[in-house]
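The values are calculated or read from the model by the stated rules, or taken from the named source; none is laboratory data. The model shown is predicted, which means the values in this text are computed figures rather than measured ones. With ideal geometry, Cβ positions are generated from the backbone for all residues, glycine too; neighbour counts draw on all protein chains shown.
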Amino acid sequence: MTTPAKGRSPRTILLLAALAQNVSIGFTFGTYGVLLMGVGEEFGASRSSLGAGLALITLVMGLLSPAVGVAMGRFSIRSIMMLGALCMALGLVGASLASSVGIFLAGFGGVAAVGVTLMGPLPCAALVTRWFDEGRGKAMGIVMAPLGVMVMPLLAGFMLESWGWRVTCLALGLAVLPLIPTLRLLEDSPEDAQTAPAALPEAPAEAGMSQRDLLGNGRYWLVALAGGLMLGGSNTIITHMVPMVSEWGIPLTRATVIVAVQGAAGMVGALAYGALADRIGPGRALVINAALQAAVWTLLLLEPGFEPMLVVAFGVGMGAGSVFPVIGLLVAKLFGEASFGRGMGLFQLLVVPFNFGSPLLAGFLYDQSGTYALALGLHMACFLAAAALFYALARAGARATP
């Protein structure tokens, strides 16, 4: 950990990054599965069309992330994240006023998604990479621990039943606004905290690999493919968990508890796999993660009741909540810290087909077959393939720089 002589402490940066990360992900990915029920009931939309919400967010994030990764090398991360908070607030408020599913998706999955991209996982992970040397995996796990995904389904479920989805969306948007001045406390790096004027919008240009260099590196493509196979499953289960267990006869109030347990497990998983990555390396940690997820997902095929589903949801959440942060550690290790922003930004673009397509495909398969079994089996195979790819990377003895 690097501690500046003056300015913000690493602990302050860690807390601010964790707050921004949990608001951006918790207010969107943590609430959509609950809001989906109310929106679908009002507009009479199909499961596949409603599944486009989180898929649209991941599409927007994927398309914008390469540009955001480059921008973080030229402009202040603080300014980028403040702009993201504003976009997210506007998108959620706009979604609350929607007169159709399309307008709702444009606000929630479009404008708010721009905010998530500018304020969420990519810039928060970049802050950890810049501020922490020793114990980076633990720090990344703390920032990426999905507290919001644990809390927000319960809160959104209560608000949905009490006041409806529109008031819930409006309240979420208004709650983001105080984050804008709070993010002014951020500093991009220990060096900025020591020497840079607080109002300076520019950040020093980074060295490292260009996007062209990354695209020409075979190991980078393996990381993107394996990561996409895992993240597709994570997005599918976040989108469809509430509708899926509802089909099994579990009421909405208990379904939100299941999602909350999944979120709590994500916190445990992010911390545990982050610490494990510090000990055995991020590649090997991802092998273990993928293999365990394949095993746990087989239990979903049994359509367990509420009590056993709590145990299954914990296992699912431990794996899903730790994928992105550990992949970030792997990118920093393989391609260098200076390449992190560009590497992770480009990564999010390359995994768009998985993040965008997986929830849609699961919804389509459900509409065609009346069951989630086909989608669950497909993702089990994807986890096994990802485990094999990460094992190949680990066996190759990847170095810190290519």
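Observations
- Given (1) closer than 28 Å to Arg212 by Cβ; (2) modelled with pLDDT of 85 or more; (3) aliphatic (A, V, I, L, M), index of the condition Ala387 fails: (1)
- Filter result for the condition that a residue is at pLDDT 85 or above, farther than 25 Å from Thr256 by Cβ and not hydrophobic (A, V, I, L, M, F, W, C), over Thr129, Thr117: Thr117
Residue-wise test of (1) touching a Gly at 6+ places or on another chain (Cβ under 8 Å); (2) among the basic types (Lys, Arg); (3) surrounded by fewer than 23 Cβ atoms within 10 Å (Cβ to Cβ).
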site	(1), (2), (3)
Leu231	no, no, no
Ile250	yes, no, yes
Thr253	yes, no, yes
Gly274	yes, no, no
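- Considering only residues in the stretch 46-61 that are closer than 14 Å to Thr117 by Cβ and either among the aromatic types (Phe, Trp, Tyr) or surrounded by fewer than 24 Cβ atoms within 10 Å (Cβ to Cβ) (or both), the one that is modelled with the highest pLDDT turns out to be Val60.
- When we screen Val268, Val245 for residues that are of a type in the set (A, V, I, L, M) and more than 21 Å from the chain's Cα centre (by Cα), the only hit is Val245.
- The requirement of being of a type in the set (Val, Ile, Thr), touching a Leu at 6+ places or on another chain (Cβ under 6 Å) and either on the phi < 0 side of the Ramachandran plot or touching a residue at least 24 places away in the same chain (Cβ under 8 Å) (or both) is not satisfied by Ile103.
- Conditions (1) within 18 Å of Leu229 (Cα to Cα); (2) more than 14 Å from the chain's Cα centre (by Cα); (3) surrounded by fewer than 24 Cβ atoms within 10 Å (Cβ to Cβ); (4) not acidic (Asp, Glu): number failed by Gly363: (3)
- Among all positions in the stretch 366-375, there is at least one residue which is surrounded by fewer than 18 Cβ atoms within 10 Å (Cβ to Cβ), in contact (Cβ under 8 Å) with a residue 60 or more places away in the chain, in a helix (DSSP H, G or I) and of a type in the set (D, E, K, R).
- Qualifying helices (runs of 4 or more DSSP H) (wholly inside the stretch 161-268; at least 3 residues being modelled with pLDDT of 85 or more): 165-176, 179-182, 218-247
- Residue match in the stretch 71-82 (condition: touching a residue at least 60 places away in the same chain (Cβ under 8 Å), closer than 26 Å to Gly141 by Cβ and among the aromatic types (Phe, Trp, Tyr)): no
- Output for the stretch 257-272, where each listed residue is crowded, with 24+ Cβ neighbours inside 10 Å and in contact (Cβ under 8 Å) with a residue 60 or more places away in the chain: Val259, Gln262, Gly263, Gly266, Ala270
- Residue check for Ala338: more than 23 Å from Ala55 (Cβ to Cβ), among the hydrophobic types (A, V, I, L, M, F, W, C) and in contact with a Lys or Arg (Cβ under 8 Å, 6 or more places away or on another chain): no
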